[in-house]
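Peer 1: If you scroll down you'll find the structure; I have some questions about it.
The values are calculated or read from the model by the stated rules, or taken from the named source; none is laboratory data. This is a predicted model, so every value here is computed, not measured. Here the Cβ is made from the backbone with ideal geometry for all residues, glycine too, and neighbour counts use every protein chain on show. Calculation scope for accessible area: heavy atoms of the full protein, side chains included, ligands and nucleic acids excluded. Shrake-Rupley method; radii C 1.70, N 1.55, O 1.52, S 1.80 Å.
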Amino acid sequence: QVQLVESGGGLVQAGGSLRLSCAASGRTLSGHAMAWFRQPPGKEREFVAAVSWIDDWTSYADSVKGRFTISRGNAKNTVYLQMKSLKPEDTAVYYCAVKTGPIYYTSREYDYWGQGTQVTVSS
């Protein structure tokens, strides 16, 4: 079992920045991809970004490319999401997720989830 705990959400003005963190515990994450998803109010959960185990290869949704950066900590059991130039449409609950093997872009492929952290961007 893997436990994931997110932190770093909050209220920020448009154009501002936030850094989300997700700490994993319970087992080694060797061979696991880590990702961030988000669920805006009244909408489906959507892929934001992911980082692979091998070579820390990253992938981003088009809506956040160039503004968000995903990275892993040195011990590879922590993943971060640096968010810049935030927009009101970035408002959502952000979830950290882990899966074995390569990156996938659909939430059903992920095995473990955090409880989510709220990000609210005011205009």
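Peer 1: For labels at residue 3 and residue 19 in the simple 7 Å Cα→Cβ model, what's the distance in nm?
Peer 2: 2.5
Peer 1: So for segment 3-123, Kirkwood radius off the Cα pairs, Stokes-Einstein at 10 °C and 1.306 mPa s: how many µm² s⁻¹?
Peer 2: 113
Peer 1: By accessible area of protein heavy atoms, probe 1.4 Å, what ranking do 71, 123 get, highest first?
Peer 2: If we order 71, 123 from most to least accessible, we get 123, 71.
Peer 1: Would you be so kind as to identify which of 115, 82, 94 lies farthest towards the positive end of the dipole of segment 72-123, taking Lys and Arg as +1 and Asp and Glu as -1 on Cβ and the Cα centre as origin?
Peer 2: Selected residue: 82.
Peer 1: I need the GluC sites (Glu not before Pro) found in segment 1-86, filtered to DSSP loop residues with at most 14 other beta carbons within 10 Å of theirs.
Peer 2: 44
Peer 1: Taking the Cβ-Cβ separation of residue 106 and residue 11 as r and a Förster radius of 22 Å, what is the calculated FRET efficiency to the nearest 0.05?
Peer 2: 0.15
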